[in-house]
Amino acid sequence: TGAFLKAMEAARGLNAYVLETPEQALAMAKASDEKLARGQGGALEGLPLGIKDLYATKGVRTTAGSNILCNFVPAYESTVTSQLWRDGAVMLGKLNNDEFAMGSSNETSAFGPVSSPWRREGSNAALVPGGSSGGSSSAVAARLCLGATATDTGGSIRQPAAFTGTVGIKPTYGRCSRWGIVAFASSLDQAGPIARTVRDNAILLRSMAGHDPKDTTSVDIAVPDYEAAVGRSIKGMKIGIPKEYRVDGMPAEIEALWGKGAEWLKAAGAELVDVSLPHTKYALPAYYIVAPAEASSNLARYDGVRYGLRVPGKDIQEMYEKTRAAGFGKEVRRRIMIGAYVLSAGYYDAYYVKAQKIRTLIKRDFEEVYAQGVHAILTPATPSAAFGIGEKGGADPVEMYLNDVFTVTVNMAGLPGIAVPAGLSSEGLPLGLQLIGRPFDEETLFSVAEVIE
Ligand code: GLN
């Protein structure tokens with residue numbers, strides 16, 4: 001813990017942490033040492049972790065990367081983090097993220113952008129660590145924690161992991177409790193870890209997962225020993241290669257990496273099968289209706305009365321308006337406006353209801369593939385390697401949204417997905433592959449991802 005605190009201090013330039021909690025960390029580490037000396041201790045005893053600032057931590061400021069929560073200190077602990085502390089983990093601090101987890105580059109945070117520790121060959125220009133869990137991916141890649149919590153609504157665990165050469169899993173919707181995690185789009189949000197290896201992911205997920213009566217969408221089924229799945233043979237498994245993921249303009253090196261990944265799985269005894277997910281092309285536009293719709297509803301609670309920031313006005317209406325104008329950044333305001341629009345009378349059927357129907361079709365596509373005996377699906381994780389800070393999405397937000405083209409389908413269908421490093425780009429940057437699994441079958445993902453890693 002002491003070594004990580006020192007490394008964090010030396011790497012403040014990355015802006016990965018929005019809050020360091022050294023006193024708490026050292027006290028937790030000491031308690032762990034004492035437990036271990038008595039021959040006790042949990043599965044994560046003494047392991048120092050970073051916590052995405054979307055997870056409520058009791059008595060420790062929790063901002064969701066937003067000005068509107070700049071002074072919010074929760075009186076409660078999220079279920080997932082309380083399970084990590086139950087198992088002995090140590091909290092190093094709170095990690096930066098896109099404001100309310102809306103973004104793919106960690107550039108929408110009110111606390112400023114995060115840099116990746118990676119650089120293009122022969123260049124010193126700062127690169128994004130992906131988003132929205134950019135503090136988590138950067139901190140893990142720069143060894144500023146052993147592992148980190150993250151959240152994934154449309155790719156925010158997998159895309160940052162792919163950009164930083166780390167591993168991240170979004171478990172099946174319902175696998176982890178969302179209680180105490182700041183809500184973005186409740187029907188898509190899931191918690192999960194980012195860590196250096198597949199095995200570390202498996203160990204962390206086991207502690208994070210589990211039924212919680214406080215989240216009625218969390219599912220009451222046993223959490224397997226995920227670590228036991230790491231290294232298990234994949235001989236005879238059927239791996240689907242979906243033709244719709246061969247998108248227009250896909251860089252040759254991404255396509256080549258995908259092919260290599262398939263070869264490695266074949267060499268390990270898996271059978272490759274061509275599959276079709278015909279509604280894939282509608283996933284991104286439908287996601288960017290469903291997610292803002294839910295966000296506009298979830299973010300209605302930040303009104304200057306109940307949480308965080310309050311900017312006074314002459315009456316309550318003016319106070320609401322001033323608080324929300326000062327508290328929310330540009331991307332969050334854009335999402336609230338889109339969401340309110342697609343939910344409004346007259347447009348609801350044309351946009352929101354239609355997007356929900358598309359969601360059902362996407363889910364069915366996967367069900368049909370899995371009904372053919374396919375165990376997991378292999379795709380690229382992202383359409384490119386990491387880009388520079390300030391390089392994308394300035395004039396056209398859709399340019400940024402396109403980053404999520406391979407990841408959003410998984411959230412729309414509620415399935416588990418893992419991103420695993422698979423090689424380097426021509427510029428020497430990490431590239432990841434994604435494996436998509438059957439509902440509640442994270443174990444297969446760990447077994448298959450281990451072969452690629
Ligand atoms: N990049 C996507 C978005 O901005 C996904 C974010 C996420 O998964 N939290 O909505």
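Read-outs: derived from the displayed coordinates by stated rules, not from any lab. Predicted, not measured: the structure shown is a model, and the values here were computed from it. FYI the Cβ positions are ideal-geometry reconstructions off the backbone, even for glycines, and counts take in every protein chain you see.
Quick one: in region 95-116, which of the residues that are in contact with a Lys or Arg (Cβ under 7 Å, 6 or more places away or on another chain) and not polar (S, T, N, Q) is farthest from the ligand (Cβ to nearest atom)?
Taking the candidates together, the pick is 95.
Taking region 173-220 as the search range and keeping residues that are over 17 Å from residue 84 (Cβ atoms) and of a type in the set (Phe, Trp, Tyr), which one is nearest to the ligand (Cβ to nearest atom)?
184
When the residues of region 390-406 are filtered to those that are closer than 18 Å to residue 189 by Cα, within 11 Å of the ligand (Cβ to nearest atom) and not hydroxyl-bearing (Ser, Thr, Tyr), which remaining residue is surrounded by the most Cβ atoms within 10 Å (Cβ to Cβ)?
It comes out as 403.
Quick grid of which residues meet (1) surrounded by fewer than 20 Cβ atoms within 10 Å (Cβ to Cβ); (2) in contact with a Leu (Cβ under 7 Å, 6 or more places away or on another chain):
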position	(1), (2)
283	no, no
304	no, no
313	yes, no
324	no, no
354	yes, no
369	no, yes
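If residue 169 satisfies every condition in (1) in a helix (DSSP H, G or I); (2) within 16 Å of the ligand (Cβ to nearest atom); (3) closer than 18 Å to residue 447 by Cα but one, which is the exception?
With (1) in a helix (DSSP H, G or I); (2) within 16 Å of the ligand (Cβ to nearest atom); (3) closer than 18 Å to residue 447 by Cα applied to residue 169, the lone miss is (1).
Scan region 339-374 for residues that are on the phi > 0 side of the Ramachandran plot and touching a Lys or Arg at 6+ places or on another chain (Cβ under 8 Å) and jot them down.
Answer for region 339-374, where residues must be on the phi > 0 side of the Ramachandran plot and touching a Lys or Arg at 6+ places or on another chain (Cβ under 8 Å): just 373.
Looking at region 30-46, which of its residues are more than 31 Å from the chain's Cα centre (by Cα) and of a type in the set (A, V, I, L, M)?
Once the filter is applied, which keeps residues that are more than 31 Å from the chain's Cα centre (by Cα) and of a type in the set (A, V, I, L, M), region 30-46 yields 36, 37.
Does residue 409 satisfy the condition of being more than 12 Å from the ligand (Cβ to nearest atom) and not in a helix (DSSP H, G or I)?
Criteria not met by residue 409.
What number of residues within region 216-259 satisfy the criterion of being surrounded by 15 or more Cβ atoms within 10 Å (Cβ to Cβ) and part of a helix (DSSP H, G or I)?
Of the residues in region 216-259, 9 are surrounded by 15 or more Cβ atoms within 10 Å (Cβ to Cβ) and part of a helix (DSSP H, G or I).
In the set 275, 353, 332, which member is of a type in the set (A, V, I, L, M, F, W, C) and either within 26 Å of residue 108 (Cβ to Cβ) or within 16 Å of the ligand (Cβ to nearest atom) (or both)?
On inspection, the qualifying residue turns out to be 332.
Could you list, in sequence order, the residues of region 356-388 that are within 16 Å of the ligand (Cβ to nearest atom) and assigned to a loop (DSSP other than H, G, I, E, B)?
Correct list: 381, 382, 383, 384, 386, 387.
For residue 80, which of the numbered conditions (1) within 20 Å of residue 425 (Cβ to Cβ); (2) part of a helix (DSSP H, G or I); (3) out of contact with any Leu (no Cβ under 9 Å at 6 or more places or on another chain) fails to hold?
(1)
Please find, within region 84-127, the residue that is surrounded by the fewest Cβ atoms within 10 Å (Cβ to Cβ) out of those that are more than 15 Å from the chain's Cα centre (by Cα) and in a helix (DSSP H, G or I).
By that ranking, first place goes to 86.
Quickly run through region 408-453 and pick out the residues that are polar (S, T, N, Q) and within 27 Å of residue 288 (Cβ to Cβ).
Scanning region 408-453 gives 409, 411, 425, 434.
Out of the residues in region 133-162 that are in a loop (DSSP other than H, G, I, E, B) and more than 8 Å from the ligand (Cβ to nearest atom), state the one that is farthest from residue 107 (Cα to Cα).
Looking at residues that are in a loop (DSSP other than H, G, I, E, B) and more than 8 Å from the ligand (Cβ to nearest atom), I get 146.
Quick one: which of 186, 207 is among the small types (Gly, Ala, Ser) and more than 16 Å from the chain's Cα centre (by Cα)?
207
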